[in-house]
Amino acid sequence: MRQSPNPSKTLSIQQVEQMIRDTETPEHSISQQIVEKLESKSVPPQKPVFTRRVGVIAAALVVFCVFLTPVMAQTIERLSLLDYLNPFVEEMKMNPNEKVDTLYATGLDGSKYFHTGMIRFDDIEDQEFKSQLQRVWNEIFPQGEEINDVIMYEYDTNTFHIEARNENRSIEFDQGKWYYAQQTIGEEQVPDAAKDAADQAFHKVGDFKESERSVSQMILRPDQNPVYKFVYHTHKGSILIDVQKNTNQITRVLAFPLSDQLNKLDDKNKYHDLVDKTKAIELDKIHEEAVKQAKVWMNLDLADYTVSKLESRFDTLTFTKEGSPDVTALFTSKGTIYSIKIELKQLSEKGTD
């Protein structure tokens with residue numbers, strides 16, 4: 001890789017955090033996870049505009065996804081980019097290329113470290129890494145669409161998240177293995193049974209007379225049925241509902257109108273007051289409410305699950321049961337539930353459906 005004549009971009013960690021806060025991020029993205037740790041705020045998932053210079057963090061941390069057949073999923077699971085990924089990113093860290101958007105962050109102690117890199121696929125000079133990535137892409141997308149961009153994010157020392165994408169499709173790797181994919185779709189591609197299941201769940205959330213439904217994404221994980229992601233736009237805010245293909249199981253309900261909408265508060269005193277009230281809610285009370293809502297919204301029986309409050313967030317319950325994926329529920333300062341989600345990623349990790 002050629003040495004860039006320009007100094008690499010350097011931001012303080014506070015600037016990095018603010019850029020993430022100012023960006024709407026989809027579910028499961030690395031940036032959303034950072035937002036949750038910083039402020040425990042939820043941000044509606046939307047497909048961002050991908051820019052090359054301004055807002056590199058926002059674009060580079062976004063997680064997209066892709067439709068794969070089960071055969072494709074099994075094929076990609078056998079392929080690992082790890083042996084090719086680490087040397088490639090190490091070269092990017094040490095010798096930034098003029099064609100690479102490389103961002104470094106500065107910690108509170110003044111130390112400078114690699115944060116994110118983005119490069120067009122055609123500009124990659126490491127042919128071994130490029131050929132392996134192309135091989136995986138072709139296994140997943142035999143339609144012939146090309147890779148446009150490759151994004152890398154270092155979330156731990158020498159531990160990298162990678163994304164290969166174009167305007168319509170993308171695949172994501174963690175430690176060199178595929179784990180999450182997405183394809184943009186039209187509503188006409190979604191079965192009526194899935195639409196009916198989503199509509200029924202939406203009407204159970206509340207009486208939102210003015211609403212508009214849309215679905216533009218289908219997500220797939222290893223060894224699982226694809227999941228359709230519905231968005232109901234109401235005059236009070238968006239309601240997100242995920243429906244699994246074939247089973248028509250509701251796997252997530254996220255109702256922003258029912259939340260405290262902390263991300264919209266400018267009054268710091270009011271924000272902290274709501275946080276304190278949420279923290280003070282007793283586990284037994286909110287447990288009972290979550291079990292009831294899960295049954296109503298998703299026909300999900302959590303009665304025999306073990307429940308606990310998540311330590312890293314003040315408004316989250318985690319339900320666990322041996323042999324089943326975890327379920328998380330978010331609650332408000334009033335002791336009401338506004339989100340319930342089945343952690344489907346755990347099913348992929350176990351290789352079960």
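The values are calculated or read from the model by the stated rules, or taken from the named source; none is laboratory data. Small disclaimer: the values here were computed from a predicted structure and weren't measured. Note that each Cβ is placed from the backbone with ideal geometry, even for glycine, and that neighbours are counted across all protein chains shown. Protein only, heavy atoms only, side chains kept; ligands, DNA and RNA dropped before computing areas. Shrake-Rupley method; radii C 1.70, N 1.55, O 1.52, S 1.80 Å.
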Inset, instruction - Would you please name the residue that is most open to solvent (accessible area, probe 1.4 Å), looking only at residues in region 172-222 that are among the aromatic types (Phe, Trp, Tyr) and within 20 Å of the chain's Cα centre (by Cα)? - result: Tyr179
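From the list Glu145, Glu167, which one is surrounded by fewer than 16 Cβ atoms within 10 Å (Cβ to Cβ), assigned to a loop (DSSP other than H, G, I, E, B) and at pLDDT below 90?
Matching residue, one of Glu145, Glu167: Glu145.
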Inset, instruction - Exactly one condition in (1) among the charged types (D, E, K, R); (2) at pLDDT below 70; (3) open to solvent by less than 20 Å² (accessible area, probe 1.4 Å) is not met by Asp101; state its number. - result: (2)
Inset, instruction - Give region 104-136 a look and list any residue that's touching a Lys or Arg at 6+ places or on another chain (Cβ under 9 Å), open to solvent by less than 60 Å² (accessible area, probe 1.4 Å) and not β-branched (Val, Ile, Thr), or say none. - result: Tyr104, Ala105, Phe114, Gly117, Met118, Phe121, Asp123
Legend entry - Set Lys177, Lys130: member being without any contact (Cβ under 8 Å) to a residue 40 or more places away in the chain and of a type in the set (Lys, Arg): Lys130
Legend entry - Criterion violated by Thr234 - all others in (1) surrounded by fewer than 22 Cβ atoms within 10 Å (Cβ to Cβ); (2) out of contact with any Asp or Glu (no Cβ under 9 Å at 6 or more places or on another chain); (3) under 30 Å from Asp276 (Cα atoms) satisfied: (2)
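Conditions tested, residue by residue: (1) assigned by the TED database to the domain that holds Ala193; (2) open to solvent by 60 Å² or more (accessible area, probe 1.4 Å).
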site	(1), (2)
Asn246	yes, yes
His287	no, no
Val296	no, yes
Glu311	no, yes
Tyr338	no, no
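Just to be sure before I move on: is Ala164 under 26 Å from Asp223 (Cβ atoms) and either free of Cβ contacts under 8 Å to residues at least 12 places away in the same chain or not assigned by the TED database to the domain that holds Phe114 (or both) in the structure I sent? Quick ask: steps written out before the conclusion?
Working: under 26 Å from Asp223 (Cβ atoms): yes; either free of Cβ contacts under 8 Å to residues at least 12 places away in the same chain or not assigned by the TED database to the domain that holds Phe114 (or both): no.
Criteria not met by Ala164.
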Inset, instruction - With the condition kept exactly as written, say whether any residue in region 264-278 is in contact with a helix residue (DSSP H, G or I) (Cβ under 7 Å, 6 or more places away or on another chain), modelled with pLDDT of 95 or more and not in a helix (DSSP H, G or I). - result: no
